[in-house]
Structures are given as structure tokens and as C-alpha cells.
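Presented below is the structure to which this report refers.
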Amino acid sequence: MTHHEPTGTRTRTAVVTGGASPRSIGRATATRFARDGWAVAILDLDGEGAGGLAQELAAEFGVPAAGYGVDITDSAAVNEAAARVAASELPPVGALANIAGIPSPVPFLEVDDALWDTIISVNLTGTFYVTRAFLSAMLEGGYGRVVNMSSVSAQQGGGVFSKTPYSAAKAGVLGLTRSLAREMAPEGITVNAIAPGAADTNIRGASTEESEAALSASIPMGRQATAEEIGALVVWLCGQDAGYITGTTQSINGGAYIS
Ligand SMILES: NC(=O)c1ccc[n+]([C@@H]2O[C@H](COP(=O)([O-])OP(=O)(O)OC[C@H]3O[C@@H](n4cnc5c(N)ncnc54)[C@H](O)[C@@H]3O)[C@@H](O)[C@H]2O)c1
């Protein structure tokens, strides 16, 4: 791993969940962190993908970077990853971007107990586990920013790929964010949520060209967000300039929903 001598937030590590998938928001976020000089720790179910991305970022941007294969619904594994990050050569953790999540296209009456539990567990409980595991490092390090991934589905109700369990989980993320923001405010740690509309990633899997085009046409700006646009917002929220913003939900949806 290469170390360089950065200033300000650059002496800190940004932890990003969900960065392994190509074209994902997590990947774009980790890349933007690295481009801006942050060290990066990537946590993803796909450990190989996370490690590969870390290597790419270290080579391209000269920042320390590491990848970890972690299921964010496994609290012991999450705690172990936090311990490994703390014991690594990475600088102290200064930001956490909880990006990993999975969609839920199943109609309400077909949602069985197991599916409900899975969707809540990845999208909401995982955010809790990862935040709990890394918060003490930020408290000790004296700088902390948490950005949690919600969705426009939490604000206006879900669409084709984001039905009830997903919307409920992403709305839960907003409650978690607001409450933790107030609790952490005296410590100077900010906690915000972002609520993207549709973004052009792999999350919708085998959706057709027609359905993607229809989705884009339904957005006032006539297109989906790029993962890079969302990553840039996350990284900005983690910077010094965003220090007085906490407990908020930042919409990024091309005018699809204006709250
Ligand atoms: N793409 C969109 O239209 C959109 C819109 C609003 C919100 N979001 C949210 O943004 C986030 C990222 O979405 P994306 O479009 O980049 O998705 P994606 O499917 O491209 O990437 C998700 C990543 O999360 C990882 N992941 C999934 N479950 C995990 C687990 N249990 N533990 C660790 N890692 C896990 C996957 O391996 C993958 O690398 C999700 O929370 C999603 O709900 C996406």
C-alpha cells in the first residue's frame, strides 16, 4: 500500500459498503473518495471485487485502500471488519458511506416472511451494524461523517423495483439517520441520508431497454442519475464544508420528486 502525505480530511479513511459491483453507486463513491485524496476501505459481500477495486484505486490515485468480504447483515463479521480496518495501515476512519442495498420488486401479497426479513436486514439492519461498528473509531479520531443510503421510494412510495419492504427499510434509514444525527451532534459527527431517484446501475438486473427508457422518460430531466453524481454528493457531505449539515435527507432525483 502506498501512503502519501495529504492534508485535512485526506489523512482519513472513508469506509464504503457495496462498492464491488461494476457501475454501482458504492464503486463510484469509493472512486470519488480516492480521487479527492481519502484512503478507502471497501466492504462488500463480494470480497474479491472489493479487493480488486481497492487495488485499482491505490494504483490510480496513490491512496491507501483495502477491500473486505463482509455480509453487512452479519454483525460479528461487520465487527471483525471494523477491527481489521483499525489494525491495518489505513489512517483513522473519518467517514462512513452506507451504500450497500438490495431491491424488492415483489408485490405486497407475495412478500413472505423470509423476503421481508432479508430486505429489512440488508437495507436497514446492515446500516445499523456497520454504523455501530465504525462510530467509535470516528469518535476517537475526532472527525466523523456518516452518509446513509435511502431512496425516493422512502419519500413517495416505491416503484416497480422498490416495493413495500424496500420502501419501509429505506424509510427506516431516515429515522435512524435523524435520531443518530441528534445524538451525535454534540460530538461534531454529522449523520445524513441521501435519497436518489433512479440511477443507472446494475441494481435492476435484467430490466429491459424499454423499461429503462420508460423510467428515464418519467423523470423531468429525462434521464437517470449517474452513479458518479450520487458519489460526488456523498463525498461532499463527508467534507469539512458540510460540517453544519446533519440529520437531513438530500434528494437527488432530477426533479422526479420534490419534497
Ligand atoms: N440504482 C438506483 O436506481 C438506486 C436508487 C435509489 C437508491 N439506491 C440504493 O443505492 C444503493 C446502491 O445501489 P446500486 O444501484 O449501486 O446497486 P448495485 O446492485 O449495483 O450494488 C450493490 C452492492 O451492494 C453489495 N451488497 C448487497 N448486499 C450486501 C450485503 N448483505 N453485504 C455487503 N454488500 C452487499 C453488492 O454486492 C453490490 O456490490 C442501494 O442501497 C440501493 O438501494 C439505488
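Pairs of Cα atoms in region 107-259 fall into 10 Å distance bins, from 0 up to the last occupied one, in shares of 11, 37, 34, 15, 3, 0 percent.
Judged by the gyration tensor of its Cα atoms, with axes a ≥ b ≥ c, region 41-155 is prolate; a/c meets the 1.5 cut and a/b is the larger of a/b and b/c. Using Cα atoms only, what is the angle between the long axis of helix 126-141 and the major principal axis of the chain, expressed in degrees (0 to 90) to the nearest 10? Between the helix axis and the principal axis of the chain, the angle is about 30 degrees. Between E89 and A185, the C-beta separation translates, for a Förster distance of 30 Å, into a calculated FRET efficiency of about 0.40.
Taking the chain as a Gaussian network of alpha-carbon nodes connected by springs under 10 Å, the highest mean-square fluctuation of the residues D74, D44, D241 belongs to D241. Under 5 Å from the amide H of S251 lie the amide H atoms of A195, each residue being 5 or more positions distant or on a separate chain, with H modelled from the backbone and absent for Pro and chain starts.
The distance linking region 87-105 with region 116-178 is 12 Å (Cα centroid to Cα centroid, whole angstrom).
For region 35-46, backbone phi angles converted through the Karplus equation (6.51, -1.76, 1.60; θ = phi - 60°) give residue-by-residue couplings of 4, 8, x, 7, 6, 9, 10, 10, 10, 8, 3, 8 Hz, Gly and Pro being listed as x.
Taken one residue at a time, the phi angles of region 198-214 give Karplus couplings (6.51, -1.76, 1.60, θ = phi - 60°) of 5, 10, 7, 10, 8, 4, 8, x, 8, 5, 7, 4, 5, 5, 5, 5, 5 Hz. Gly and Pro are set to x. Residues whose amide H falls under 5 Å from that of G158, counting only those 5 or more places apart or on a different chain, are absent, with hydrogens built in the peptide plane. Charge tally for S150 (other residues, Cβ to Cβ under 13 Å; Lys, Arg +1; Asp, Glu -1): +2.
Near G144, the amide H atoms lying under 5 Å from its own belong to T190; only residues 5 or more places off or on other chains count, and H is placed 1.01 Å from N. Angle, helix 164-184 long axis vs. longest principal axis of the chain, Cα atoms, 0 to 90°, nearest 10? Between helix and principal axis, roughly 40 degrees.
Solvent-accessible area of S24, all protein chains in place: 20 Å² (probe radius 1.4 Å, heavy atoms, ligands and nucleic acids excluded).
Seen against the Cα atoms of the chain and their longest principal axis, helix 227-237 is set at about 50 degrees. Across region 1-108 the C-alpha pair distances fall into 5 Å bins from zero in the proportions 2, 14, 25, 25, 17, 8, 4, 2, 1, 1, 0 percent.
Once you divide the Cα radius of gyration of the chain by 2.2 N^0.38 Å, the number left is 0.95. The order of M138, M221 by accessible area, most exposed first and with a 1.4 Å probe, is M221, M138. Mind grabbing the accessible area of L233 for me, 1.4 Å probe, Å², rounded to tens? For L233, the solvent-accessible surface is approximately 30 Å².
The values are calculated or read from the model by the stated rules, or taken from the named source; none is laboratory data. For clarity, every value in this text was computed on a predicted model and none was experimentally measured. Counting neighbours? That spans all protein chains shown, and the Cβs are built from the backbone with ideal geometry, glycine included. Only protein heavy atoms, including side chains, enter the accessible area calculation; ligands, DNA and RNA are left aside. Shrake-Rupley method; radii C 1.70, N 1.55, O 1.52, S 1.80 Å.
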